[in-house]
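Student: Here it is, the structure, as structure tokens.
Only the coordinates and a few stated rules stand behind these numbers; no lab work does. The shown structure was predicted, so the numbers you read here are calculated from the model rather than taken from an experiment. Here the Cβ is made from the backbone with ideal geometry for all residues, glycine too, and neighbour counts use every protein chain on show.
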Amino acid sequence: MRSYKFGRGRVSRWVKLAGVQPIARAIIVVAAVAVLATGVTFAALQSQSATLTGNSISTATADLRIGTTTSTFSNTRTGFSFSNVIPGTVASPADGNSFYLKNYGAATMALKVAINTVPTNVSNVDLSKVYVVFTRVDTSATQKLSVASLVAVNTTGGTSLTDTLAGGATAQFKTQVSIDDDAFSGQSATIGGIDLVFNGTVIAQ
């Protein structure tokens with residue numbers, strides 16, 4: 001048996017190396033186990049893809065039409081001539097002129113009204129004192145709106161009417177006019193070109 005002599009420094013280094021080797025072996029073992037575990041997870045059984053094809057998205061329809069009878073509706077209808085209106089008295093005509101709005105869509109709509117152009121007004125009648133009165137027959141809701149205000153709101157979409165209109169439904173309205181007694185001075189006055197524009201906006205239910 002051979003004997004070896006080691007220097008003091010060599011013995012110290014050998015002791016340190018001997019102490020490190022078991023730790024290194026442990027790290028290698030743990031790493032190997034982790035790799036195997038990862039491989040097992042990746043290799044888990046997976047199904048084929050299941051695909052729902054050809055989907056499409058479409059919006060609700062906002063389709064509002066007007067009629068002066070319930071038999072036909074369109075985007076425009078000729079309006080009414082309000083004659084013999086006496087300023088300072090009740091709205092005229094007494095029973096109102098009937099028109100109908102129909103919602104051709106399936107969703108409920110909120111309704112608005114405006115006048116889209118400034119009416120002809122050669123007599124310089126104060127349009128803030130001339131009113132259009134709308135009465136919805138099925139709910140009896142009545143709104144009195146000045147011609148001036150209806151012109152002003154045209155750029156913002158109109159003034160809201162009180163009641164909504166359900167999908168597929170038809171609502172009858174009666175319209176009248178009234179004039180304040182101090183709206184003008186003179187023997188008579190005529191205001192023309194009053195185009196009442198109704199709009200419907202679909203609302204969430």
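Student: Taking Val137 and the conditions (1) loosely packed, with under 15 Cβ neighbours inside 10 Å; (2) among the aliphatic types (A, V, I, L, M); (3) without any contact (Cβ under 8 Å) to a residue 40 or more places away in the chain; (4) out of contact with any strand residue (DSSP E or B) (no Cβ under 6 Å at 6 or more places or on another chain), which numbered condition does it fall short on, given that it satisfies the others?
Tutor: Just one mismatch for Val137, condition (4).
Student: So for segment 125-137 (the condition being touching a Pro at 6+ places or on another chain (Cβ under 8 Å) and more than 24 Å from Ser74 (Cα to Cα)), does at least one residue qualify?
Tutor: yes
Student: Considering (1) in a loop (DSSP other than H, G, I, E, B); (2) within 25 Å of the chain's Cα centre (by Cα); (3) surrounded by 17 or more Cβ atoms within 10 Å (Cβ to Cβ), say which one Thr162 fails and leave the rest.
Tutor: Failing condition for Thr162: (3).
Student: Among the residues of segment 73-127, write down those that are assigned to a loop (DSSP other than H, G, I, E, B) and of a type in the set (A, V, I, L, M).
Tutor: Hits for segment 73-127 are Val85, Ile86, Val90, Ala91, Ala106, Ala107, Val118, Val122, Val125.
Student: May I ask you to list pairs of residues, at least six apart or on different chains, whose Cβ atoms are under 9 Å apart, with the first in segment 155-172 being within 10 Å of Ala107 (Cα to Cα) and the second being part of a helix (DSSP H, G or I)?
Tutor: Correct list of pairs: empty, since none qualify.
Student: What number of residues within segment 173-199 are surrounded by fewer than 14 Cβ atoms within 10 Å (Cβ to Cβ), touching a strand residue (DSSP E or B) at 6+ places or on another chain (Cβ under 9 Å) and not charged (D, E, K, R)?
Tutor: 3
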